[in-house]
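One structure is given here, and the rest of the page talks about it.
The values are calculated or read from the model by the stated rules, or taken from the named source; none is laboratory data. Everything numeric in this text was worked out from a predicted model, so none of it was measured. Backbone-built Cβ (ideal geometry, glycine too); neighbour counts: all protein chains shown.
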Amino acid sequence: MRHSRYRAICLTGPTATGKTDLALELARSIPLEIVSVDSAMVYRGMDIGTAKPSRETRADVPHHLIDIVDAADTYSAGRFLADANAAIDAIAARGKLPLLVGGTLLYLRALRRGLAPLPEADPELRAKLDREAEAKGWPALHARLAAVDPEAGVRIAPNDRQRIQRALEVFMLTGRPLSALQRDAKTASGTGSVPDGEILMLAVVPADRARLAARIEHRFDAMVEAGLIREVESLMARGDLHPEMPSMRAVGYRQIWAYLERRYDWPIARQKAIAATRQLAKRQMTWLRSEPGVETFDAFSSGLAEELLERVGSECR
């Protein structure tokens, strides 16, 4: 039976910093089960581009919230929060350590802050925004968002169409900025969040960003060599998916989908996928720097696994 003052421990950090491998290193010494905090790993059939742990690895160390929905489905932050809380409780009941692993910011925010009571998606309004974006471009809609919700305008990139669309949709449906609704949830401690202090937040962040950039490029090329293009081809061949679905908006998948539709040649598609991954890593690092109560470790330190083992082990005695 493990003993810890924390309900769970979270190992997070920007993409391509080896969080999954580090978690498996910890599992060799600590009785734990892993709860994925990754918005793409939930989808079945998306294995290579998500760097999903193999079935053999998952048989050796129990993993949760992986391969739980079809790629045609939508998996929300609210559903993640309910599923994560259920997994944490079940793991703790077995006397093991719940180790949350991943870097999806929306999910991490939900765990720490809860969820604002937001309206459901409105397909008609979204279609209208899509048509406007086709005519004017997403940067124009971003400028519109910045005018009504300056805080969201700063936080959301001008080409992040999914988040621009959602923020504008929320404003148009409620008359209130998304950032204001999120602040309300934070003040009220949120819905379904794990209370502050109950998750030990550990983040692996690279001191050398150039090394992370090179690693992102190498990892993408390795995924392609492992069959990522064939994986996207098989998803396209199903006939029930399209590039605007949440699953197919995942970094790497959407650029290869565009390549297979002949919208880009391969060098441009590759460049765009690598650039999008680097932008994701930058957003993740920016959020982690601003987030209170997060202990950081150098992602590329030679003794990182030992450092984490000592830190986590000190909480499980």
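When region 14-35 is filtered for residues that are within 20 Å of Met223 (Cα to Cα) and under 14 Å from the mean Cα position of the chain (by Cα), the ones remaining, listed by number, are Pro14, Thr15, Ala16, Thr17, Lys19, Thr20. I'm told Gly102 meets every condition in (1) within 19 Å of the chain's Cα centre (by Cα); (2) crowded, with 22+ Cβ neighbours inside 10 Å; (3) on the phi < 0 side of the Ramachandran plot except one. Can you identify the failing condition by its number? Here Gly102 meets the rest and fails (3). Residues that are within 28 Å of Arg166 (Cα to Cα), of a type in the set (Val, Ile, Thr) and part of a helix (DSSP H, G or I) within region 221-264 comprise Val232, Ile256, listed in sequence order. Of the residues in region 152-167, at least one is outside the structural domain of Gln255 (by TED's automatic domain parsing), touching a helix residue (DSSP H, G or I) at 6+ places or on another chain (Cβ under 8 Å), polar (S, T, N, Q) and buried (at least 20 other Cβ atoms within 10 Å of the Cβ). For region 299-314, indicate whether the set of residues that are part of a loop (DSSP other than H, G, I, E, B), over 22 Å from the mean Cα position of the chain (by Cα) and under 27 Å from Leu111 (Cα atoms) is non-empty. The answer is yes; a qualifying residue exists. In a residue-by-residue description of region 118-128, the property of being within 19 Å of Arg249 (Cα to Cα), crowded, with 17+ Cβ neighbours inside 10 Å and not assigned by TED's automatic domain parsing to the domain that holds Pro246 applies to no position.
Inside region 67-105, residues that are touching a residue at least 40 places away in the same chain (Cβ under 8 Å), closer than 26 Å to Arg238 by Cα and small (Gly, Ala, Ser) make up a count of 2.
Any residue at all in region 244-259 that is loosely packed, with under 12 Cβ neighbours inside 10 Å, of a type outside the set (D, E, K, R) and either modelled with pLDDT of 95 or more or not assigned by TED's automatic domain parsing to the domain that holds Glu134 (or both)? No, every residue in region 244-259 fails to be loosely packed, with under 12 Cβ neighbours inside 10 Å, of a type outside the set (D, E, K, R) and either modelled with pLDDT of 95 or more or not assigned by TED's automatic domain parsing to the domain that holds Glu134 (or both). Looking only at residues in region 221-273 that are more than 21 Å from the chain's Cα centre (by Cα) and among the small types (Gly, Ala, Ser), which one is farthest from Ala51 (Cα to Cα)? Within region 221-273, the match that is farthest from Ala51 (Cα to Cα) is Gly239. The set of residues in region 9-64 being of a type in the set (Val, Ile, Thr) and closer than 25 Å to Glu306 by Cβ consists of Ile9, Thr12, Thr15, Thr17, Thr20, Ile30, Ile34, Val35, Val37, Thr57, Val61. One residue alone among Ile9, Ile34, Ile48, Ile68 is under 30 Å from Ala210 (Cα atoms), touching a helix residue (DSSP H, G or I) at 6+ places or on another chain (Cβ under 8 Å) and surrounded by fewer than 22 Cβ atoms within 10 Å (Cβ to Cβ), and that residue is Ile48. The residues of region 118-127 that are in a helix (DSSP H, G or I) and under 19 Å from Pro243 (Cβ atoms), listed by number, are Pro123, Arg126, Ala127.
Taken over region 58-97, the criterion of being among the small types (Gly, Ala, Ser), over 15 Å from the mean Cα position of the chain (by Cα) and either in a helix (DSSP H, G or I) or not assigned by TED's automatic domain parsing to the domain that holds Glu198 (or both) is satisfied by Ala59, Ala82, Ala86, Ala87, Ala90, Ala92, Ala93.
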